[in-house]
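Enquirer: Structure provided below as structure tokens; questions to follow.
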Amino acid sequence: MNKQEFISQLQAGLSGLPECETEERLSFYSEMIDDYTEEGFTEEEAVTQIGSVSDVISQILAQTPITNLVKEKIKGNKKQKRKMKAWAIVLLVLGSPLWFSLMIAAMAVVLSVYIVIWAVVISFWAAAAAVAICAPAAVITGLIYICLGKFYPGLFMIAAGLVCAGLAIYLVCGCIKLSKGFAVLTKKITIGIKRCFIN
């Protein structure tokens, strides 16, 4: 893919962004390709260095606030004022109790699923914290038992504390990966919602 094809595909993909922002992004990537060609790359190699158009669009959407996209969509709708037919308006008004309540229900379900997912992540972190706190508490209790002459219960408590310490390490590593995974999922969902405003 050469520079012109890359820029035209990028422009088509960013059609929902504000015009000034689109021009700014296009000029940025155009200059980036020019910089690569000055370093000795061909246009095709320069475009390859930048990455695919869809990846670039995803990066731009991740950086663009959703409020900008909504404002641009509203502005675009005002420019393209279509006259609705009378029967369409009547159907829209008469059906509003049904479609409005369905829309609210769908948004509530999506929000609930999102909250439940993050509640699971928080629960895993709470479990990891509990096990991590148990580790030193069990070791200290075991040492106290040994000092009081209860050798075997003290030894058992120290062993339980060491097991808890090992489990805490595994749980924390798992929680970090789980949190990162859900953060990536959240980012992809957000980009998907932003793409709906662009397309």
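The values are calculated or read from the model by the stated rules, or taken from the named source; none is laboratory data. A quick note: this is a predicted structure, and the numbers were derived from the prediction, not measured. Reconstructed Cβ throughout: ideal geometry from the backbone, glycine too, with neighbour counts over all protein chains shown.
Enquirer: Could you give me the residue pairs with C-beta distances under 6 Å whose first residue belongs to region 16-33 and is polar (S, T, N, Q), whose second residue is in a loop (DSSP other than H, G, I, E, B) wherever it lies, and which are 6+ apart or on separate chains?
Expert: THR22/LEU14
Enquirer: If you take just the helices (runs of 4 or more DSSP H) that sit entirely in region 1-71, which of them hold at least 3 residues that are polar (S, T, N, Q)?
Expert: Passing ranges, in order: 3-13, 19-38, 53-63.
Enquirer: A further question on this structure: From the list SER54, SER112, pick out the single residue that is modelled with pLDDT of 90 or more and under 22 Å from the mean Cα position of the chain (by Cα).
Expert: Matching residue, one of SER54, SER112: SER112.
Enquirer: Answer yes if at least one residue in region 135-157 is under 30 Å from PHE182 (Cα atoms) and either modelled with pLDDT of 95 or more or not small (Gly, Ala, Ser) (or both), and no otherwise. Give the steps one after another, and end with the answer.
Expert: Filtering region 135-157 for residues under 30 Å from PHE182 (Cα atoms) gives 135.
Filter again for either modelled with pLDDT of 95 or more or not small (Gly, Ala, Ser) (or both), leaving none.
No: region 135-157 contains no residue that is under 30 Å from PHE182 (Cα atoms) and either modelled with pLDDT of 95 or more or not small (Gly, Ala, Ser) (or both).
Enquirer: Go through the residues of region 128-151 one by one and say whether even a single one is in the same structural domain as ILE193 (by TED's automatic domain parsing), charged (D, E, K, R) and over 27 Å from ILE193 (Cβ atoms).
Expert: First, pick out the residues of region 128-151 that are in the same structural domain as ILE193 (by TED's automatic domain parsing): 128-151.
Subsequent filtering for residues that are charged (D, E, K, R) retains 150.
Pick out the ones that are also over 27 Å from ILE193 (Cβ atoms) and you get 150.
Yes, there is a match, as at least one residue in region 128-151 is in the same structural domain as ILE193 (by TED's automatic domain parsing), charged (D, E, K, R) and over 27 Å from ILE193 (Cβ atoms).
Enquirer: Give the residues of region 102-111 that are under 18 Å from THR190 (Cβ atoms) and exposed (fewer than 11 other Cβ atoms within 10 Å of the Cβ), sorted by residue number.
Expert: Passing the criteria: ALA106, MET107, VAL109, LEU111.
Enquirer: Scan region 189-199 and give yes if some residue there is in contact with an Asp or Glu (Cβ under 8 Å, 6 or more places away or on another chain) and surrounded by 14 or more Cβ atoms within 10 Å (Cβ to Cβ), otherwise no.
Expert: There is at least one residue in region 189-199 that is in contact with an Asp or Glu (Cβ under 8 Å, 6 or more places away or on another chain) and surrounded by 14 or more Cβ atoms within 10 Å (Cβ to Cβ).
Enquirer: (1) within 26 Å of THR190 (Cα to Cα); (2) exposed (fewer than 12 other Cβ atoms within 10 Å of the Cβ); (3) modelled with pLDDT of 75 or more: which one isn't true of GLY40, the others all being true?
Expert: (1)
Enquirer: Pick out the one residue from ALA127, ALA106 that is of a type in the set (A, V, I, L, M, F, W, C) and under 23 Å from the mean Cα position of the chain (by Cα).
Expert: ALA106
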